[in-house]
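Student: Input: one structure, supplied below.
The values are calculated or read from the model by the stated rules, or taken from the named source; none is laboratory data. What you see is a predicted model, and the numbers here were worked out from it, not measured in a lab. All Cβ positions, glycine included, derive from the backbone under ideal geometry; neighbour counts span all protein chains shown.
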Amino acid sequence: MRTVTFLPGYRKIEIPRGSTILDAAQRAGLNINVVCGGLGKCGKCIVYVQSGKTSFDYQKYEQFFTRDERARGACLACETTIESDLQVFIPESTLIQEQKILIDGQETAIEFHPSVRKYYVELQPPTLSDPSPDLSRLLWGIQKDGGPVAEKMYVPLEVLREIPAILRHSDWKSTGTVALVPGGYRLVDLQENDTSKRLYGAAVDLGSTTIVVYLWDLVSGKVVGVASNYNRQISCGEDILARVNFARKNGLVKLQALATESINAAITSASNTAGIDREDIYEVVVAGNTIMTHMLLGIDPAYMIAEPYVPVVRRALSVATGRIGISCNPNGGLYVFPAVSDFIGGDIIADILACGMNEKEEISLLIDIGTNFEVVLGNSEWMFSCAGAAGPALEGGEVLFGMRANPGAIEKITIEPGTLNPVYSTINGIKPRGICGSGLIDLLAELICTCVIDRTGRINTGIPNPRIRTSGHFPEYVIAWAAETGIGKDIVITENDVKNLIMSKASVHAACVTLMNQAGITRKEISIIYFSGAFGNYINKKNATIIGLIPEIGIEQIINIGNGAVTGANIALINRRKRKILDDIACRIAYIELNAESSFMDEYTSSTFLPHTDLTLFPMVQKLLDSCRIAKE
């Protein structure tokens, strides 16, 4: 065993020789920024070895370091193996930092029909002339107060055991909580005296990176608290595939615990804001992708990443929150959205519920982009779906200075046509440290419109401008000079970065076209394109069209629905009637496996140009590019 001491906090961990510094950091509970999943592709996990012996291939990864950084012992945590006891300094920029988390969903009027209600009853105590059992007396009282028929209410043993003492201690004045669950009604709690005004529920967006919770008053129908935080599973792997592999190595129990810890942290924060007791939260509705919800429930997800990619369960599930450790009333209900396939999960069903495309006659295209992307095409009569790897590039991975939406990330940028000087804004208005997804889309569109790059992504090094240069292995464009950054070195985008971005956007566009071909429609028949999620919410719609990320339709026909997953979870929480249609939505969606579609690769190849090989599919963009070139000349 070798001892690794992490600075500046002097956190120590013992780990076998030959492990990586990333392994040691994760065991020590340090959340290292590994956008690429620890594959040595993103260069974001830079650490500095202060003392000790390691093994690291500097020649292979030299593009990630300046000469000064290398002299100070810089290396990649994911690719550096431990040979002896070490002291390792982890800079703040290498740790996962506060992120700009999208918590707002689409504002929509939701009918209020919650699945949980409280009933305050004042009962007559039993006598020799009226020796009815405690349970019958209580259920009849609830029925008399407007509740379900007594014979249709089920009472779990945990609640049944408490009934006699509570009724007598409260002088037969008590409040019963009844939930509508699959199969009927359940008495989930009994409290002394009148607590009928204390009834809450939580809607949860369980993302692979972030957790968002909305806390609702289920009596008034109002939101009383909102909270968000990181998904603590990040410490076990940045992407879904890495976490499934971690689960395979006897890590499922830890992943399940980290998922519940993450949800509990957000619920606690929202509860503290609202000033309520978590014991008064009786229902939690969770929307997440298929693998994330399997992990939350402690169900082995390993078989979903191997052909034929079959999940254990696709239907909606309902269990007691206490069974998986959610911090609310232990007899409360946990409702998990259904899924369509291994990669079209409950978060996409929630997106569909949020935008309402399943109820509309016109054809809509729904796109949710992260490290992976999901696309749904259809209307009230039919829907096709597919999913694929967008590649980390659109989220800042595999781009030299790409980063998450953390403070200092360039999120918007334009380039002046004459001088080629950029004008940008950063998250929190501080000095730039890198560029996030929305900024990368802007940058790619601006570079093509100013002729800095051609339609294949090649940088025009013949332009006499100090911002265009060749450094290291690739030509590059300088976004910000070292003196104006928060990291002390030039922030650039290289020709290789541009190629990675083009490949990522090509995957998304090719998926959209593949579904359109399956349905036998053209872009002109699409009435609306919905963007869901943080990436879609912050990108510039026009620029997304210019680079060919999406089929070209009118800009006014592109709608950002914000955090569709949490909007859908909110709807399902407070409207039990909408919840009834979720399994039906999931069953009606036909899933198209892109790997099995021979036409997908053809569409992908055609999409690896800006915006596409066939400019007639992008008349607005063609006109714009022509005008840019005329102006340039």
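Student: Which residue, of Thr545, Thr522, is out of contact with any Gly (no Cβ under 6 Å at 6 or more places or on another chain), over 25 Å from Asn406 (Cβ atoms), without any contact (Cβ under 8 Å) to a residue 12 or more places away in the chain and of a type in the set (Val, Ile, Thr)? Give the derivation first.
Tutor: On the way: Thr545 fails: without any contact (Cβ under 8 Å) to a residue 12 or more places away in the chain.
Thr522 is the lone residue from the list that is out of contact with any Gly (no Cβ under 6 Å at 6 or more places or on another chain), over 25 Å from Asn406 (Cβ atoms), without any contact (Cβ under 8 Å) to a residue 12 or more places away in the chain and of a type in the set (Val, Ile, Thr).
Student: OK, next. Any residue that is over 30 Å from Ser318 (Cα atoms) and under 25 Å from the mean Cα position of the chain (by Cα) - is there at least one of those in the range 571-578?
Tutor: First, the residues of the range 571-578 that are over 30 Å from Ser318 (Cα atoms): none.
No, there is no match, as no residue in the range 571-578 is over 30 Å from Ser318 (Cα atoms) and under 25 Å from the mean Cα position of the chain (by Cα).
Student: Restricting attention to the range 533-577, and to residues there that are of a type in the set (S, T, N, Q), over 15 Å from Asp442 (Cβ atoms) and in contact with a Leu (Cβ under 9 Å, 6 or more places away or on another chain), which single residue is modelled with the highest pLDDT? Reasoning before the result, please.
Tutor: Keep residues of the range 533-577 that are of a type in the set (S, T, N, Q), which gives 537, 540, 543, 545, 557, 560, 563, 567, 570, 575.
Cutting the leftovers down to over 15 Å from Asp442 (Cβ atoms) gives us 557, 560, 563, 567, 570, 575.
The next check asks that each one be in contact with a Leu (Cβ under 9 Å, 6 or more places away or on another chain); those that pass are 563, 567.
Values: Asn563: 91, Thr567: 94.
So, considering only residues that are of a type in the set (S, T, N, Q), over 15 Å from Asp442 (Cβ atoms) and in contact with a Leu (Cβ under 9 Å, 6 or more places away or on another chain), the one modelled with the highest pLDDT is Thr567.
Student: Same structure, new question: State whether the residues of the range 284-296 include one that is surrounded by fewer than 22 Cβ atoms within 10 Å (Cβ to Cβ) and either polar (S, T, N, Q) or within 17 Å of Gly325 (Cβ to Cβ) (or both). Show your work before the answer.
Tutor: The initial filter retains those residues of the range 284-296 that are surrounded by fewer than 22 Cβ atoms within 10 Å (Cβ to Cβ), namely none.
No, every residue in the range 284-296 fails to be surrounded by fewer than 22 Cβ atoms within 10 Å (Cβ to Cβ) and either polar (S, T, N, Q) or within 17 Å of Gly325 (Cβ to Cβ) (or both).
Student: Separate question: Just to verify a result, which residue in the range 1-50, among those that are touching a residue at least 60 places away in the same chain (Cβ under 8 Å), more than 23 Å from the chain's Cα centre (by Cα) and part of a strand (DSSP E or B), is nearest to Cys236 (Cα to Cα)?
Tutor: Going through the qualifying residues, I end up with Thr20.
Student: Consider only pairs whose beta carbons are under 9 Å apart and that are at least six residues apart or on different chains; among these, list those whose first residue lies in the range 303-320 and is free of Cβ contacts under 8 Å to residues at least 12 places away in the same chain and whose second residue is outside any loop (DSSP other than H, G, I, E, B).
Tutor: Glu307/Asn595
Student: Which ranges mark the helices (runs of 4 or more DSSP H) fully within the range 231-317 that have 3 or more residues being over 29 Å from Leu39 (Cβ atoms) and out of contact with any strand residue (DSSP E or B) (no Cβ under 6 Å at 6 or more places or on another chain)?
Tutor: On the way: elements: 240-246, 252-274, 290-296.
Because the criterion is at least 3 residues that are over 29 Å from Leu39 (Cβ atoms) and out of contact with any strand residue (DSSP E or B) (no Cβ under 6 Å at 6 or more places or on another chain), the helices (runs of 4 or more DSSP H) in the range 231-317 that meet it are 252-274.
Student: Only one of Leu167, Leu157 is more than 26 Å from the chain's Cα centre (by Cα), farther than 19 Å from Leu573 by Cα, assigned by TED's automatic domain parsing to the domain that holds Gln124 and surrounded by 21 or more Cβ atoms within 10 Å (Cβ to Cβ). Can you tell me which? Let's see the steps before the verdict.
Tutor: On the way: Leu157 fails: surrounded by 21 or more Cβ atoms within 10 Å (Cβ to Cβ).
Answer to the selection: Leu167.
Student: State all residues of the range 384-395 that are in a loop (DSSP other than H, G, I, E, B) and either at pLDDT 90 or above or at negative phi (or both); if no residue qualifies, say none. Lay out the reasoning, then the answer.
Tutor: Here is the first cut: in the range 384-395, the residues in a loop (DSSP other than H, G, I, E, B) are 390-391.
Residue satisfying the conditions is Ala390 alone.
Student: Also, I was wondering about something else. Kindly check whether there is at least one residue in the range 363-370 that is touching a residue at least 12 places away in the same chain (Cβ under 8 Å), over 19 Å from Gly568 (Cα atoms), of a type outside the set (Gly, Ala, Ser) and buried (at least 23 other Cβ atoms within 10 Å of the Cβ). Steps first, answer last, please.
Tutor: Taking the range 363-370 and keeping what is touching a residue at least 12 places away in the same chain (Cβ under 8 Å), we get 363-370.
Checking the rest, the ones that are also over 19 Å from Gly568 (Cα atoms) come to 363.
Pick out the ones that are also of a type outside the set (Gly, Ala, Ser) and you get 363.
With buried (at least 23 other Cβ atoms within 10 Å of the Cβ) added as a condition, the list becomes none.
The answer is no; no qualifying residue exists.
Residue-by-condition table, conditions (1) free of Cβ contacts under 8 Å to residues at least 40 places away in the same chain; (2) over 15 Å from Leu199 (Cβ atoms):
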| site | (1), (2) |
| --- | --- |
| Tyr119 | no, no |
| Gln124 | no, yes |
| Ser129 | yes, yes |
| Leu135 | yes, yes |
| Leu138 | no, yes |
| Gln143 | yes, yes |
| Pro148 | yes, yes |
| Lys152 | yes, yes |
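Student: Please state which one of Phe531, Phe535 is in the same structural domain as Ile363 (by TED's automatic domain parsing), over 28 Å from Phe112 (Cα atoms) and in contact (Cβ under 8 Å) with a residue 60 or more places away in the chain. Explain how you work it out, then say what you get.
Tutor: Numbers: Phe531 fails: over 28 Å from Phe112 (Cα atoms).
After ruling out the rest, the residue left standing is Phe535.
Student: Also, I was wondering about something else. Kindly provide the set of residues from the range 321-332 that are touching a strand residue (DSSP E or B) at 6+ places or on another chain (Cβ under 8 Å) and in contact (Cβ under 8 Å) with a residue 60 or more places away in the chain, ordered by number.
Tutor: Ile324, Ile326, Cys328, Asn329, Pro330, Asn331, Gly332
Student: Return only the number of the condition from (1) surrounded by 15 or more Cβ atoms within 10 Å (Cβ to Cβ); (2) in contact (Cβ under 8 Å) with a residue 40 or more places away in the chain; (3) touching a helix residue (DSSP H, G or I) at 6+ places or on another chain (Cβ under 8 Å) that Gly472 does not satisfy.
Tutor: Going through the list (1) surrounded by 15 or more Cβ atoms within 10 Å (Cβ to Cβ); (2) in contact (Cβ under 8 Å) with a residue 40 or more places away in the chain; (3) touching a helix residue (DSSP H, G or I) at 6+ places or on another chain (Cβ under 8 Å), Gly472 breaks only (1).
Student: For Ser220, indicate whether it is among the small types (Gly, Ala, Ser), buried (at least 18 other Cβ atoms within 10 Å of the Cβ) and either out of contact with any Lys or Arg (no Cβ under 8 Å at 6 or more places or on another chain) or under 25 Å from Met403 (Cβ atoms) (or both).
Tutor: no
Student: Quick one: Asp626 ticks every box in (1) in a helix (DSSP H, G or I); (2) in contact with a helix residue (DSSP H, G or I) (Cβ under 6 Å, 6 or more places away or on another chain) except a single one, so which number is it?
Tutor: If we test Asp626 against (1) in a helix (DSSP H, G or I); (2) in contact with a helix residue (DSSP H, G or I) (Cβ under 6 Å, 6 or more places away or on another chain), just (2) comes out false.
Student: Tell me the residue from Thr450, Thr414 that is hydroxyl-bearing (Ser, Thr, Tyr) and touching a Lys or Arg at 6+ places or on another chain (Cβ under 9 Å), please. If you could, list the steps in order and put the result at the bottom.
Tutor: Working: Thr414 fails: touching a Lys or Arg at 6+ places or on another chain (Cβ under 9 Å).
One residue alone meets the criteria, Thr450.
Student: Every residue in the range 297-326 that is surrounded by 15 or more Cβ atoms within 10 Å (Cβ to Cβ) and among the charged types (D, E, K, R), please.
Tutor: Correct list: Arg314 only.
Student: Yes or no: Ile493 touching a Pro at 6+ places or on another chain (Cβ under 6 Å), within 19 Å of Ile410 (Cα to Cα), of a type in the set (A, V, I, L, M, F, W, C) and not in a helix (DSSP H, G or I)? Walk me through how you get there before you give the answer.
Tutor: Working: touching a Pro at 6+ places or on another chain (Cβ under 6 Å): no; within 19 Å of Ile410 (Cα to Cα): yes; of a type in the set (A, V, I, L, M, F, W, C): yes; not in a helix (DSSP H, G or I): yes.
Judged against the criteria, Ile493 is not a match.
Student: For residues that are in contact with a Leu (Cβ under 9 Å, 6 or more places away or on another chain) and either surrounded by fewer than 20 Cβ atoms within 10 Å (Cβ to Cβ) or under 30 Å from Ala569 (Cα atoms) (or both), tally how many sit in the range 113-136.
Tutor: Going through the range 113-136, the residues in contact with a Leu (Cβ under 9 Å, 6 or more places away or on another chain) turn out to be 114-118, 121, 123, 125, 134-135.
From what's left, either surrounded by fewer than 20 Cβ atoms within 10 Å (Cβ to Cβ) or under 30 Å from Ala569 (Cα atoms) (or both): 114-118, 123, 125, 134-135.
Final tally of qualifying residues: 9.
Student: Out of Ser228, Ser208, Ser174, I need the residue that is outside any strand (DSSP E or B) and outside the structural domain of Cys78 (by TED's automatic domain parsing). Which one? It would help to see each step written out before you state the result.
Tutor: Details: Ser228 fails: outside any strand (DSSP E or B); Ser174 fails: outside any strand (DSSP E or B).
Just one listed residue meets the conditions, Ser208.
Student: While we're here: In the range 67-96, which residue that is among the hydroxyl-bearing types (Ser, Thr, Tyr) and in contact with a helix residue (DSSP H, G or I) (Cβ under 9 Å, 6 or more places away or on another chain) is modelled with the lowest pLDDT?
Tutor: So the first thing to find is which residues in the range 67-96 are among the hydroxyl-bearing types (Ser, Thr, Tyr), and the list is 80-81, 84, 93-94.
With the extra rule that they be in contact with a helix residue (DSSP H, G or I) (Cβ under 9 Å, 6 or more places away or on another chain), the set shrinks to 80-81, 94.
Working: Thr80: 93, Thr81: 93, Thr94: 82.
Filtering first and then ranking leaves Thr94.
Student: Hey, does the range 194-208 have a residue that's touching a strand residue (DSSP E or B) at 6+ places or on another chain (Cβ under 6 Å), surrounded by fewer than 20 Cβ atoms within 10 Å (Cβ to Cβ) and not polar (S, T, N, Q)? Walk me through how you get there before you give the answer.
Tutor: The initial filter retains those residues of the range 194-208 that are touching a strand residue (DSSP E or B) at 6+ places or on another chain (Cβ under 6 Å), namely 194-196, 199-206.
Remaining after also requiring surrounded by fewer than 20 Cβ atoms within 10 Å (Cβ to Cβ): 194-196.
The next check asks that each one be not polar (S, T, N, Q); those that pass are 194.
Yes; the residues of the range 194-208 include at least one that is touching a strand residue (DSSP E or B) at 6+ places or on another chain (Cβ under 6 Å), surrounded by fewer than 20 Cβ atoms within 10 Å (Cβ to Cβ) and not polar (S, T, N, Q).
Student: Let me confirm something: among Ala519, Ala510, which residue is among the aliphatic types (A, V, I, L, M) and buried (at least 23 other Cβ atoms within 10 Å of the Cβ)?
Tutor: On the way: Ala519 fails: buried (at least 23 other Cβ atoms within 10 Å of the Cβ).
Of the residues listed, the single one that is among the aliphatic types (A, V, I, L, M) and buried (at least 23 other Cβ atoms within 10 Å of the Cβ) is Ala510.
Student: Shifting gears a bit: Just wondering, is there one or more residues in the range 311-324 that are of a type in the set (Val, Ile, Thr), more than 26 Å from Leu215 (Cβ to Cβ) and at pLDDT below 90?
Tutor: Taking every residue of the range 311-324 in turn, none turns out to be of a type in the set (Val, Ile, Thr), more than 26 Å from Leu215 (Cβ to Cβ) and at pLDDT below 90.
Student: Please count how many residues of the range 583-614 are buried (at least 18 other Cβ atoms within 10 Å of the Cβ), part of a helix (DSSP H, G or I) and out of contact with any Gly (no Cβ under 7 Å at 6 or more places or on another chain).
Tutor: 5
Student: Can you confirm whether Thr54 is modelled with pLDDT under 85, among the hydroxyl-bearing types (Ser, Thr, Tyr) and more than 31 Å from the chain's Cα centre (by Cα)?
Tutor: Details: modelled with pLDDT under 85: no; among the hydroxyl-bearing types (Ser, Thr, Tyr): yes; more than 31 Å from the chain's Cα centre (by Cα): yes.
Against the criterion (modelled with pLDDT under 85, among the hydroxyl-bearing types (Ser, Thr, Tyr) and more than 31 Å from the chain's Cα centre (by Cα)), Thr54 does not qualify.
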